[in-house]
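Please read the structure below before turning to the comments.
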Amino acid sequence: MTREDYDGFCKSLPHATHVVQWGDASVWKIGGKVFAIGGWSGGPEFAVTFKCSEASFSILKELLGLRPAPYLASRGLSWIQRIDARSLSDHDLKEYVRQSYAMLLAALPKKTQGALGVGVFR
């Protein structure tokens, strides 16, 4: 997945906002909360970092081309970074990013959800 593909996909998610920070990383947020980070690995391929469930984290961290996300996973958070496509296709990566978005949207305060016009997800 290229940076352009990644940004285009994240931009298609309702109410997603974009900022470039942390050393030129392409950071996508919902309601001010990060759901995906593009770049940020220093590797030859464009890396994508996303939040996932604890069960997914346990499985994904063992697969080739995926690793616990630097900085985030070391703090006990369930974030994975795809550094190449050996075990996770672009299609599946998009599904995980979509799930990350949904998890963070659902965790937003009701007032923030209401301000976004998305209803209450709890």
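The values are calculated or read from the model by the stated rules, or taken from the named source; none is laboratory data. Because the structure is predicted, anything quoted here is derived from the model rather than measured. Here Cβ is always computed from backbone atoms with ideal geometry, including for glycine, and neighbour counts include all displayed protein chains.
Checking the stated criteria, Ser74 turns out not to satisfy the condition of being touching a strand residue (DSSP E or B) at 6+ places or on another chain (Cβ under 7 Å) and assigned to a helix (DSSP H, G or I). Among the numbered criteria (1) modelled with pLDDT under 95; (2) surrounded by 19 or more Cβ atoms within 10 Å (Cβ to Cβ); (3) of a type outside the set (Ser, Thr, Tyr), which one does Lys111 miss? The one condition Lys111 does not meet is (2). All of (1) closer than 17 Å to Gly32 by Cβ; (2) among the aliphatic types (A, V, I, L, M); (3) more than 15 Å from the chain's Cα centre (by Cα) hold for Met103 with one exception: (3). The set of residues in segment 48-87 that are basic (Lys, Arg) and under 21 Å from Lys29 (Cβ atoms) comprises Lys51, Arg75, Arg82. Scanning segment 31-89 for residues that are under 12 Å from the mean Cα position of the chain (by Cα) and of a type in the set (Val, Ile, Thr), we see that the one that is farthest from Leu116 (Cα to Cα) is Ile80.
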